[in-house]
Amino acid sequence: SRVARHIDGARSVDEVVMASGLPQEHVLICLRHLVHFGLVAVIDGITLTSRYWLTPEFHVAFDRPEVVMEVVMEVVRYVTAGKHEGNSMLVQLVQGLYAGVDGWRQTLGEFQLANSVELQEH
């Protein structure tokens, strides 16, 4: 529990080590066990030079009512850094921006640059 309480999806392994106060090798062993048993997942850092693409699930996700409600309530607030509540226009804008993510053609930084007007407006 000295390690688990510091695993939050935002901290790096080094930050978990520092926050736990345990030796690095102990934290690494604990993390290996947690990953092995499927109790934590490793999240790659998102960088502007990374490439991302949509899974086939994306193309049907917005057809499911429970996902649309989640988009309205959570994703729009997340994408707009809490500046906007969800409404159908913003849901369509978010879906359209997500649909434009194509890691085969551009990096995340290139996507950000190409869509800067839409991203800045909202």
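The values are calculated or read from the model by the stated rules, or taken from the named source; none is laboratory data. Note that the coordinates shown come from a computational prediction; the quantities given were computed from them, not determined experimentally. When we count neighbours, we look across all protein chains shown, and the Cβ atoms used for this are built from the backbone with ideal geometry, even at glycine. The accessibility values were calculated without ligands, DNA or RNA, using every heavy atom of the protein model including side chains. Shrake-Rupley method; radii C 1.70, N 1.55, O 1.52, S 1.80 Å.
Structure notes:
- Residue check for Arg51: of a type in the set (D, E, K, R), surrounded by 10 or more Cβ atoms within 10 Å (Cβ to Cβ) and modelled with pLDDT of 80 or more: yes
- Residue within the range 34-44 that is at pLDDT below 75, under 24 Å from Gln106 (Cβ atoms) and either open to solvent by 60 Å² or more (accessible area, probe 1.4 Å) or within 21 Å of the chain's Cα centre (by Cα) (or both) present: no
- Top-ranked residue of the range 55-65 - restricted to ones that are open to solvent by 50 Å² or more (accessible area, probe 1.4 Å) and of a type outside the set (Val, Ile, Thr), ranked as farthest from Gly103 (Cα to Cα): Pro65
- Any hit, the range 76-83, residues being more than 17 Å from Leu119 (Cα to Cα) and open to solvent by less than 50 Å² (accessible area, probe 1.4 Å): no
- A single entry from Gln24, Gln95 fulfils the requirement of being of a type in the set (S, T, N, Q) and closer than 16 Å to Leu119 by Cα: Gln95.
- Any hit, the range 82-90, residues being within 26 Å of Ala10 (Cα to Cα) and part of a helix (DSSP H, G or I): no
- Applying the condition of being polar (S, T, N, Q) and outside any helix (DSSP H, G or I) to the range 1-33 and asking which residue is least open to solvent (accessible area, probe 1.4 Å) yields Ser12.
- Set side by side, the residues Gly96, Gly109 differ, and just one is touching a residue at least 40 places away in the same chain (Cβ under 8 Å), out of contact with any helix residue (DSSP H, G or I) (no Cβ under 6 Å at 6 or more places or on another chain), assigned to a helix (DSSP H, G or I) and open to solvent by less than 100 Å² (accessible area, probe 1.4 Å), which is Gly109.
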